[in-house]
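**Student:** Below is the structure I would like to discuss, written out as structure tokens.
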Amino acid sequence: LVSSTELMAASLAGRHVYIIHPGMDTIWGSYMLVVEREAGASESGRFDLILPQETEDWSPQQGIEEDDVRLKPDGGLEVAAEFTKPETLVVTGFKVAGRGGRVPMTLRLPFAVDEFSIMALEGRVKIESPRFVYQGPVNFSGSTYDTWSVSAPKAGDELRLTITGIPEGRTRYYVLGGVFLLLLLILASVKTWTSRPKIDSSDSDFETVGV
């Protein structure tokens, strides 16, 4: 196998893309990149996948098999596979969980790319990030997607973002409901205590009987 640096410099196309879909307190994503092989070049290749650090689950979707991916000591994922075509689209699915309608992501780049983009169906989500810039809607596979991009991020860069507008699960409402119920119980207890009639010893129905 060639080294990761050689392959990434010569064989990975410059644009990397996430296509994301919001779920309940979750983002489902597909990471897309193209592996290019020049005529006569080795069919063996090795490179790192750029998945969010917060990824809870992942699965190869196209271009590679699960056996082609290994877990690195630093927790990252590395692909080592045979690429026989001049261009191979590699797609890897991933899942990131969030809460309160927000999903944070951290991308650490092991190598430089020309552009890193995130696409979501128009109007579904928003992205807060100091690096990703909104590029407007684009047409892709017959649908309109909002697009955010970072131009020319370098090796070692850390790209942080928060995806907002995610559908919220019931957990938050259960917590709010529990807090509200607890407040009602406390208020009811205070009202009961403060409204208790005072007992006057002179009104006692009991008399002390001397012997």
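The values are calculated or read from the model by the stated rules, or taken from the named source; none is laboratory data. Source: prediction; values computed, not measured. Note that we place each Cβ from the backbone using ideal geometry, even for glycine, and neighbour counts take in every protein chain shown. For the accessible areas, the whole protein counts, side chains as well, though only heavy atoms, and no ligand, DNA or RNA atoms are used. Shrake-Rupley method; radii C 1.70, N 1.55, O 1.52, S 1.80 Å.
**Student:** Which residues, taken from the range 80-119, are out of contact with any Pro (no Cβ under 8 Å at 6 or more places or on another chain) and in a loop (DSSP other than H, G, I, E, B)?
**Tutor:** The answer is F83, T84, K85, P86, G100, P110, F111, D114.
**Student:** Moving on to the next point. Given the options T88, T106, name the one that is open to solvent by less than 60 Å² (accessible area, probe 1.4 Å), of a type in the set (V, I, T) and at pLDDT 95 or above.
**Tutor:** T106
**Student:** If I ask for residues that are part of a strand (DSSP E or B), without any contact (Cβ under 8 Å) to a residue 40 or more places away in the chain and open to solvent by less than 50 Å² (accessible area, probe 1.4 Å), which ones from the range 26-79 would you list? Steps first, please.
**Tutor:** Residues of the range 26-79 part of a strand (DSSP E or B): 26-36, 44-49, 57-62, 69-71, 77-79.
Subsequent filtering for residues that are without any contact (Cβ under 8 Å) to a residue 40 or more places away in the chain retains 57-62, 69-71, 77, 79.
Matches in the range 26-79: P60, V69, L77, V79.
**Student:** Here's something else I'd like to know. Of all residues in the range 118-135, which are within 17 Å of E158 (Cβ to Cβ) and buried (at least 16 other Cβ atoms within 10 Å of the Cβ)?
**Tutor:** Within the range 118-135, I118, I127, S129, R131, F132 qualify.
**Student:** For R99, only one of the following conditions fails: (1) within 21 Å of the chain's Cα centre (by Cα); (2) modelled with pLDDT of 95 or more. What is its number?
**Tutor:** Failed condition: (2).
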